[in-house]
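Novice: Have a look at this one.
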Amino acid sequence: MADKTFLNWPFFDERHRTLSEELEAWCAANLGAIDHSDTDAACRALVAGLGEAGFLRHSAVDPEGGGLDVRSLCLIRETLARHDGLADFAFAMQGLGTGAISLFGTDDQKRRWLTQTRAGAAISAFALTEPQSGSDVAASTLTAEEDGDDFILNGEKTWISNGGIAGLYTLFARTGEGPGAKGLSAFIVPAGLPGFEVVERLEVIAPHPLGRLKFTDCRIPKDALLGERGQGFRIAMSVLDVFRSTVAAAALGFARRALDEALERVTTRQVQGAPLFDLQMVQGHIADMALDVDAAALLVYRAAWTKDSGAPRVTREAAMAKLFATDQAQQVIDRAVQLHGGDGVRKGQKVEELYRDIRALRIYEGASDVQRVVIARQALAMHQGG
Ligand SMILES: Cc1cc2nc3c(=O)[nH]c(=O)nc-3n(C[C@H](O)[C@H](O)[C@H](O)COP(=O)(O)OP(=O)(O)OC[C@H]3O[C@@H](n4cnc5c(N)ncnc54)[C@H](O)[C@@H]3O)c2cc1C
């Protein structure tokens, strides 16, 4: 059984413990019925189910007032990831895809879009990456040119999670107020507009809906602008500042599940007439896994608690949480695979699924090396008294 003692850490309130219990019960009752053979359909069902049960209320701000609770976001992602990677994905994207609306939207934009996404009635996506600009966001080239009461979009986005099934996309486009990062703006783009096509679906090792989007003279009204013109880069980074900790939380959920699976295996598998666990080298692996899980949890919930306590930015804390939790989850899961022997790489085994689930988390929302650069710059700034 997964360790829940962390819920007694001072980062949490009673409402977090209640949320954790309710979600645990929902997962046990509902996730088994989701058919994963059709990824799009599974995602739609998961969003609808999480919306109906009320958990998506945590994914975006209440249009009538209130903020995001990052500890709840992290707790939900950790719990869902421990049960089912696709369920975590479905929840996560409702938050990431609408994060810019939660943080920078007008009251009208919040009411129009968040009412739907928080109920599970619309699926959202976050469209930042382009074929020639991933880590280097400032090199984005998709343009939004002003034309009368509209903007006209031209260009491509790729690697867009929920691309193909989303009803709304938060899109970052070049509006040209300045060079590089200074010339980007954010927009809300509904699916189905003339000139907006999903031209390719991408398949990855842990299946989830992903698409390449193409915009050809696609008109969007001026009120689709999110926040101020020229602030797109800052908006994207502010959203990632919040949601990066939640990627770390998902990695933590995968790692915790891998530790559970490994413990189950080594206590039931007999080698040389005794459980595998009796071998001291096996105990060494288990100890390192348990240590990584707790250290990751401390970093994840430190970042979440810091943000919830009113810090305007948690760039350093979130980068540390993401780097450590995702890289160490990879190690924890690899050890779990190893301790399962041949079964560890067998299709249908949970640890084999986790091995595939974890990999992309070290790449998206800022690759591990990019997080290292962020942490180093923050350390230098602190050293210099900045
Ligand atoms: C499964 C999946 C889902 C995704 N979902 C979305 C989504 O919903 N929306 C979206 O906009 N994007 C999404 N992405 C895209 C993702 O954000 C990019 O893949 C990521 O930012 C890396 O960009 P890139 O692939 O162009 O790699 P590159 O930018 O080419 O980087 C390749 C590697 O170079 C190294 N590197 C790059 N820059 C630096 C640096 N400054 N310092 C040190 N090392 C560096 C890193 O090791 C990096 O992994 C998704 C990607 C994946 C794999």
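Novice: Can you tell me which residue in segment 211-239 is modelled with the lowest pLDDT, limited to those that are within 11 Å of the ligand (Cβ to nearest atom) and buried (at least 22 other Cβ atoms within 10 Å of the Cβ)?
Specialist: Among those that are within 11 Å of the ligand (Cβ to nearest atom) and buried (at least 22 other Cβ atoms within 10 Å of the Cβ), it is Val239.
Novice: Filter segment 123-151 for residues that are more than 15 Å from the ligand (Cβ to nearest atom) and either within 13 Å of Ile188 (Cα to Cα) or surrounded by fewer than 16 Cβ atoms within 10 Å (Cβ to Cβ) (or both) and give the result.
Specialist: Within segment 123-151, the first condition is being more than 15 Å from the ligand (Cβ to nearest atom), and the residues that meet it are 143-151.
Once the filter is applied, which keeps residues that are more than 15 Å from the ligand (Cβ to nearest atom) and either within 13 Å of Ile188 (Cα to Cα) or surrounded by fewer than 16 Cβ atoms within 10 Å (Cβ to Cβ) (or both), segment 123-151 yields Ala144, Glu145, Glu146, Asp147, Gly148, Asp149, Asp150, Phe151.
So that you can scan it fast, the table gives a plain yes or no per residue for (1) part of a strand (DSSP E or B); (2) among the polar types (S, T, N, Q):
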site	(1), (2)
Phe126	yes, no
Ser135	no, yes
Ile152	yes, no
Ile160	yes, no
Ala166	no, no
Phe172	yes, no
Ala186	yes, no
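Novice: Regarding segment 360-380, can at least one residue be identified that is more than 16 Å from the ligand (Cβ to nearest atom), in the same structural domain as Val239 (by TED's automatic domain parsing) and part of a helix (DSSP H, G or I)? It would help to see each step written out before you state the result.
Specialist: Filtering segment 360-380 down to residues more than 16 Å from the ligand (Cβ to nearest atom) leaves none.
Checked against the condition, which is being more than 16 Å from the ligand (Cβ to nearest atom), in the same structural domain as Val239 (by TED's automatic domain parsing) and part of a helix (DSSP H, G or I), segment 360-380 yields no hits at all.
Novice: Checking the structure you have, find out if any residue of segment 253-262 is over 21 Å from the mean Cα position of the chain (by Cα), touching a residue at least 60 places away in the same chain (Cβ under 8 Å) and closer than 27 Å to Lys307 by Cβ. Please lay out each step first, then the result.
Specialist: Step one: of segment 253-262, the residues over 21 Å from the mean Cα position of the chain (by Cα) are 259-262.
After this cut, where a residue has to be touching a residue at least 60 places away in the same chain (Cβ under 8 Å) as well, the list is 259-262.
Those left that are additionally closer than 27 Å to Lys307 by Cβ: 259.
Looking through segment 253-262, at least one residue is over 21 Å from the mean Cα position of the chain (by Cα), touching a residue at least 60 places away in the same chain (Cβ under 8 Å) and closer than 27 Å to Lys307 by Cβ.
Novice: Restricting attention to segment 76-99, and to residues there that are touching a Lys or Arg at 6+ places or on another chain (Cβ under 9 Å) and within 12 Å of Ser20 (Cβ to Cβ), which single residue is surrounded by the most Cβ atoms within 10 Å (Cβ to Cβ)? Working first, answer last.
Specialist: Keep residues of segment 76-99 that are touching a Lys or Arg at 6+ places or on another chain (Cβ under 9 Å), which gives 78, 81-83, 85, 88, 90-92, 94-95, 98.
Of the ones still in play, those that are also within 12 Å of Ser20 (Cβ to Cβ) are 78, 82.
Details: Glu78: 30, Arg82: 23.
Among them, the one singled out is Glu78.
Novice: When you check Arg44 against the structure, is it open to solvent by 60 Å² or more (accessible area, probe 1.4 Å), touching a Lys or Arg at 6+ places or on another chain (Cβ under 8 Å), among the charged types (D, E, K, R) and assigned to a helix (DSSP H, G or I), yes or no?
Specialist: Criteria not met by Arg44.
Novice: Next question. Count, please, the residues in segment 20-41 that happen to be among the hydrophobic types (A, V, I, L, M, F, W, C) and in contact with a helix residue (DSSP H, G or I) (Cβ under 6 Å, 6 or more places away or on another chain).
Specialist: 4
Novice: A further question follows. Considering segment 299-321 alone, what residues qualify as being over 20 Å from Met382 (Cα atoms) and crowded, with 17+ Cβ neighbours inside 10 Å?
Specialist: Val300, Tyr301, Ala304, Trp305, Asp308
Novice: Looking at segment 200-210 only, could you name the residues that are open to solvent by 60 Å² or more (accessible area, probe 1.4 Å) and either more than 13 Å from the ligand (Cβ to nearest atom) or not in a loop (DSSP other than H, G, I, E, B) (or both)? Lay out the reasoning, then the answer.
Specialist: Of the residues in segment 200-210, the ones open to solvent by 60 Å² or more (accessible area, probe 1.4 Å) are 200-201, 203, 205, 207.
Across segment 200-210, the qualifying residues are Glu200, Arg201.
Novice: Further question on the same structure: Does Thr246 fit the bill of being open to solvent by 10 Å² or more (accessible area, probe 1.4 Å) and of a type in the set (Ser, Thr, Tyr)? If you could, list the steps in order and put the result at the bottom.
Specialist: Working: open to solvent by 10 Å² or more (accessible area, probe 1.4 Å): no; of a type in the set (Ser, Thr, Tyr): yes.
The answer is no for Thr246.
The values are calculated or read from the model by the stated rules, or taken from the named source; none is laboratory data. Quantities reported herein were computed from a predicted structural model and do not represent experimental measurements. Positions of Cβ are generated from backbone atoms using ideal geometry, with glycine treated the same way; all protein chains shown enter the neighbour counts. The protein model used for the area step is the full one, side chains on, heavy atoms only, and it has no ligands, DNA or RNA in it. Shrake-Rupley method; radii C 1.70, N 1.55, O 1.52, S 1.80 Å.
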